[in-house]
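Let me begin by presenting the structure, written as structure tokens, before commenting on it.
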Amino acid sequence: MPSRPYLVFADVDETLINCKSMFDFLRYQLTARHGATGTSEYDRLRAGFQQAADAGTPRETINRAYYAAYEGESAASIAEWGERWFSDREPGGLFIEETREALRAHREAGAELILVSGSFSACLDPIARSVGAGHLLCTRPLVEEGGYTGRIETPMIGANKATAVQQFLAARPQIDPQDCYAYGDHPSDLPMLDCVGHPVAVGEDPALRACLDARLEAHPGARRPDTLLEPQR
């Protein structure tokens, strides 16, 4: 690890935790609040999102559609449900332990942790607190008079993650990006991984590995990315 101060950027879903937080949380709170009716509503929404994905709808568009489902909800109430979700899910093995341990080691080495996710603070806040992350670069639902409008700012997906990371680094000129780390599990994380000197691939996504290998072939002098394998579950 670098002897100079450095930053660690980490994707969350299926990188730090073993599920997709947005959908896991949506099912949890709808079912807890509305019973079987809530579960049916979740199934309807999830099927719609999957149908859109199968049709080739951009992930940014699906991300916006997800947050539209919260229109009219109390932001404070959803945040409380986020705390309940984490409290119930964490003891059952929410985290990918290899990633959590790697982030703990970075923290002990003096690094600052930043979580980068298309999810939102309602379920990310307790995760960030648990691993000691000081910042969240995430999707931000718009709130008016205490309630979600159903609209969001910029979806924190793909290239938007890289832009947010670059802006974060630019505000800290004392940090050399080549000393920094980034963790991701999906090809959509590649723009973020390209922002730092130490990209870390979590899991064995064949498309992610192929992209990283192709970049090494094109740029033989590039640093070979580390690999952090997700444990079998």
**Message:** Please go through region 145-181 and give me each residue that is in contact with a Pro (Cβ under 9 Å, 6 or more places away or on another chain), under 17 Å from His198 (Cα atoms) and not charged (D, E, K, R), ordered by number.
**Reply:** Ala162, Val165, Gln166, Leu169, Ile175, Gln178, Cys180, Tyr181
**Complete:** Only one of (1) under 17 Å from Thr99 (Cβ atoms); (2) part of a helix (DSSP H, G or I); (3) open to solvent by 50 Å² or more (accessible area, probe 1.4 Å) does not apply to Met192, and that is (3)
**Asked** What pairs come up if the first residue lies in region 92-107 and is of a type in the set (Phe, Trp, Tyr), the second is buried (at least 20 other Cβ atoms within 10 Å of the Cβ) and at pLDDT 95 or above, and their beta carbons are under 6 Å apart, counting only those six or more places apart or on different chains?
**Response** Phe95/Ile17
**Prompt:** Within the set of pairs 6 or more residues apart or between chains, which connect a residue that is within 20 Å of Arg151 (Cα to Cα) inside region 37-63 to a residue that is of a type in the set (S, T, N, Q) and open to solvent by 30 Å² or more (accessible area, probe 1.4 Å) with Cβ atoms less than 8 Å apart?
**Reply:** Tyr42/Thr31; Ala52/Thr61; Glu60/Asn160
**Request:** Could you tell me whether any residue of region 182-198 is at pLDDT 90 or above, touching a Lys or Arg at 6+ places or on another chain (Cβ under 6 Å) and among the hydrophobic types (A, V, I, L, M, F, W, C)?
**Result:** yes
**Prompt:** Based on what the data block shows, is Gln178 within 17 Å of Ala10 (Cβ to Cβ), open to solvent by 30 Å² or more (accessible area, probe 1.4 Å), free of Cβ contacts under 8 Å to residues at least 40 places away in the same chain and among the polar types (S, T, N, Q)?
**Reply:** no
**Message:** Return the residues of region 42-64 that are of a type in the set (A, V, I, L, M), open to solvent by 50 Å² or more (accessible area, probe 1.4 Å) and part of a helix (DSSP H, G or I); say none if nothing qualifies.
**Reply:** Ala47
**Asked** With Thr154, Thr163, Thr139, Thr149 as the choices, which residue is surrounded by fewer than 19 Cβ atoms within 10 Å (Cβ to Cβ), under 16 Å from the mean Cα position of the chain (by Cα), at pLDDT 95 or above and of a type in the set (S, T, N, Q)?
**Response** Thr163
**Prompt:** Quick one: is Leu113 part of a strand (DSSP E or B), open to solvent by less than 10 Å² (accessible area, probe 1.4 Å) and closer than 19 Å to Glu14 by Cβ?
**Reply:** yes
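The values are calculated or read from the model by the stated rules, or taken from the named source; none is laboratory data. Since we're looking at a predicted model, the values are computed, not measured. Don't worry about glycine lacking a Cβ; one is built from the backbone with ideal geometry, like all the others, and counts go over all protein chains shown. Note: accessible area is taken over every heavy atom of the protein model, side chains too, but ligands, DNA and RNA are not part of it. Shrake-Rupley method; radii C 1.70, N 1.55, O 1.52, S 1.80 Å.
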